[in-house]
Structure formats: C-alpha cells, structure tokens
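Contents: one structure, followed by commentary.
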Amino acid sequence: MGMVVLAGIVVMLLVATGLRERVMNAVPRSLRKGIAIGIGLFILLIGLVDSGFVSRIPDAAMTTVPLQLGGDGHLTGWPVLVFVLGALLTLALIVRKVPGAILISIIAMTVVAVVIDAVAGLPEGAWGLTTPAWPGNPVSAPDFGLLGEVSLFGGFGKVGVLTGILFVFTVLLSCFFDAMGTILGVGDEAKLMDRDGNFPGINKVLFVDGVAVAAGGASSSSATTCFVESTAGVGEGARTGLASVVTGLLFSVALFLTPLATMVPSQAATPALLAVGFLIIAGSVRDIDWSDYTLAVPAFLAMVMMPFTYSITNGIGIGFIAFSVLRLAAGRGREVPVAMYVVSAVFVFYYAMPALGLT
C-alpha cells in the first residue's frame, strides 16, 4: 500500500508541474471522442456482464467465442428477468424525461428482487455477490483497523528496488490514464468542455485525483480514482459537483448501513450503466472526423480496445500509439505534440515490459 501512496504523490507532482494537463491537452478532439465512446461501451459491457445478461465462456477446445448470452447461451433465471425489466423501465423513464429515472428504477427493481427471492426461494449466490433480502440488523459499525497501516518504502525491501519501481510505474500509468479517460468522457457528456475541447480548471480535478490515489493507499485500500459510474450522475443532470458531495456524504452514512446496502442486487443497479453507456455513445460518435484516417483509426481503436481488453488504460495507450505512428506515416509528424510522442513511447515500454522480463 505504501507503493500506491507513492504513485499518488507522483501524480500530484505531475499535476503541480503542469505535465499532466499538457498530456491531456495534446489529445486531438476526435481521439477524445473515441475515448469517450470507448468508456460508454466499457460501462455497457460491465453492466451486461455483472447482471448476468452476458457471461464469459472459459477457454476450451472447439470454443472461440469469448462471450455468450446468459449463463449457458440462453436468458434464463429470475435475476436476468429483473435486469431486463430494470433496463426497460430505466429507458422508458428516460424517454419520458422523468426526473430521477435511474434512482426510481434501482429502488423499484430492488423491491421486485426482494419479493422474487422471498417467494421463489432462490439458492445462495443466484444473485451474485449480494442477496436481495432484508438483513437481520441493518446497522453495523465499520472496521477502521487497517487505516494508516502503511509503510512507504517497506515494500521495496520485500520485493526489491527494481520490482518496486516497476510496480509504482504500473499503478501510476493505470491511475493516470484511467482517470484521464473517465474525466474526458464524463466531462464531455456533461458539456463541461470549452470550444477547443479542453476542460477548464482541469488541474483542480487532476490534483484531487492524485490525493485520492494516495489516500486510498494510506487507508490500506486499492488506488482510489475517478469512476466511470460517475456518468450515472451526469445522466441525471449533475454538473456543478454538488452531486459528488452528496454521494460522498451518503457513502459516509452507508458505512454504518452496509447490511442494508447489500440488499441491492447488481441486476437492479446495472440497468443504469446500460442507459448511461448509450447516452455517452450517442453524444460523441457524430463528432469524430471519419474522413481523416489518422484521426478516425486511433479513435476507433481506442473505443473498441477498452471493452475488448476490459481496460480504459489499454484503449488510451493503443489509441495514442496509433495516432503517433499514423501521423508519421502520413508525413504529418510535425502536427503531433511532443507530449503525445513521449506518452506513446511510455506506452510502448509498458507493453514491452513482459517481453523484457520486467514483470
């Protein structure tokens, strides 16, 4: 966890020196739109998989399809039905422009799931990680025992200096570009960008992200960064940051209501990701310059590689590398900002690390 804290400190230093903002401003508009669409597709896939509407197929002989419909190629089971009803209800409420459409759907489907579980007597684990049933005691005290149990440099003594540095680099790269993609996608959907496609006051957002990464490590948790689920708030009209403050306060209350929070099955919550994923894609796809292949191809690769690799960072990295290479191939290398070349080189090194024996 100490290494995660160090990664967060490095992120803050990159923000303070202006390097992180320079990297974000070096991304062309079409590629930004591709990143936003990729995030939309990514959260759409997350929603479909977490709900059980789509499932992974383990590698096996004569099997080349990585995903399938439902659990066995068919849509069966009460949990999947709850997701389908939730998706239809969410979209219907959005079409009707009903305020709080997503929240209404989540609450309604949670109630439906509780009734179904009680009547049908589904086996444990049928709903996934949570069970929609009223807990015996809805209140519980949080455990802060691991808070502050961190040694900044203790991990280097256990795994070695080189391995430790590479770990910090990997965490840094993931946090840096996961947050970048999320900020661009959410900011674009919220219409917070200026005429040049830049995010005014982005340094404040980036610095808070760095603090969150360090705070996550200091609390003996994984790195805390921007979440693509923030788009659910944007879909309901969030713009000023007040929604995030309210969400944080509600999470503070939820610390003492963990048993109650576990009542909400993923099948009731994931329709929100389906709806918001559509809104992001619909709002960005028309703004890509498809006539310029040096822009269209990187944007396309960024948007498809995020869901295909289950990683925002991979989508951004492949898009950056493709943009730099294609502009050079077209004889337009001088149009590429230096920051883009530097970041592309960093990604090439990142992808080459396993081949170099550095992982």
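Values quoted throughout were computed directly from the atomic coordinates according to the rules given, and no laboratory measurement underlies them. This structure is a prediction, so every number in the text was calculated from the model and none was measured. As a convention, Cβ positions derive from the backbone with ideal geometry for all residues, glycine included, and neighbour counts pool all protein chains shown.
Each residue of region 245-253 was assigned a 3J(HN,Hα) from its phi angle through the Karplus curve 6.51 cos²θ - 1.76 cosθ + 1.60 (θ = phi - 60°); the sequence is 5, 4, 4, x, 5, 5, 5, 4, 5 Hz, with glycine and proline shown as x.
Ranked by the mean number of other Cβ atoms within 10 Å of their residues, highest first, the peptides 33-40, 215-222 come out as 33-40, 215-222.
Stokes-Einstein at 20 °C, 1.002 mPa s, Kirkwood radius from Cα pairs: D for region 294-359 in µm² s⁻¹? The partial results should precede the final answer.
Details: Rh = 12.2 Å.
D, rounded to a whole number, is 175 µm²/s.
Taking amide H as placed 1.01 Å from N in the peptide plane, the amide H of I57 sits under 5 Å from that of L67, Q68, each at least 5 places away or on another chain. Backbone phi angles across region 201-218, fed through the Karplus curve with coefficients 6.51, -1.76 and 1.60 (θ = phi - 60°), yield HN-Hα couplings of x, 4, 4, 5, 5, 5, 5, 4, 4, x, 4, 5, 4, 5, 5, x, x, 5 Hz in residue order; Gly and Pro are listed as x. Annotation: peptides 200-212, 129-141, 164-176, ranked by per-residue average of other Cβ atoms within 10 Å with the highest first, follow the order 164-176, 200-212, 129-141. In a reduced charge model with +1 at each Lys and Arg Cβ and -1 at each Asp and Glu Cβ, region 180-244 shows a dipole moment near 140 debye about its Cα centre. Our coupling estimate for region 334-345, obtained by passing each phi through the Karplus curve with A = 6.51, B = -1.76, C = 1.60 and θ = phi - 60°, is 6, 7, 8, x, 4, 4, 5, 4, 5, 5, 4, 5 Hz, Gly and Pro reported as x. Angle between the Cα long axis of helix 78-95 and the longest principal axis of the chain, 0 to 90 degrees, nearest 10? Roughly 70 degrees, rounded to the nearest 10. What angle do you read, to the nearest 10 degrees and between 0 and 90, between the alpha-carbon axis of helix 29-51 and the longest principal axis of the chain? Between helix and principal axis, roughly 30 degrees.
Once you have the Kirkwood Rh of the chain from its Cα pairs, apply Stokes-Einstein at 25 °C and 0.890 mPa s and quote D in µm²/s.
Details: Rh = 22.2 Å.
Estimated via Stokes-Einstein, D reaches 111 µm²/s.
Look at where the Cα atoms of region 1-36 and of region 285-359 average out, and the two centres are 16 Å apart.
Potential lengthening of the chain between L328 and D194 amounts to 45.4 nm, from the contour at 0.36 nm per residue minus the alpha-carbon distance. Once the Cα-Cα distance is subtracted from the 0.36 nm per residue extended length, the A282 to L147 segment shows a gain of 44.4 nm. The C-alpha atoms of the chain define a longest principal axis, and helix 312-329 lies at about 30 degrees to it.
For region 12-168, the dipole from Cβ point charges (+1 on Lys and Arg, -1 on Asp and Glu) about the Cα centre works out to 900 debye, to the nearest 20. For I57 and T17, the difference between the fully extended length at 0.36 nm per residue and the C-alpha to C-alpha distance is 9.8 nm. For the peptides 342-354, 144-156, the ranking by mean Cβ contacts within 10 Å, running from highest to lowest, is 342-354, 144-156.
Remark: the chain carries a charge dipole of roughly 820 debye about the Cα centre, counting +1 on each Lys and Arg Cβ and -1 on each Asp and Glu Cβ. When the chain is described by a simple charge dipole with +1 on each Lys and Arg Cβ and -1 on each Asp and Glu Cβ, the residue from F256, V54, A26 located farthest towards its positive end is A26.
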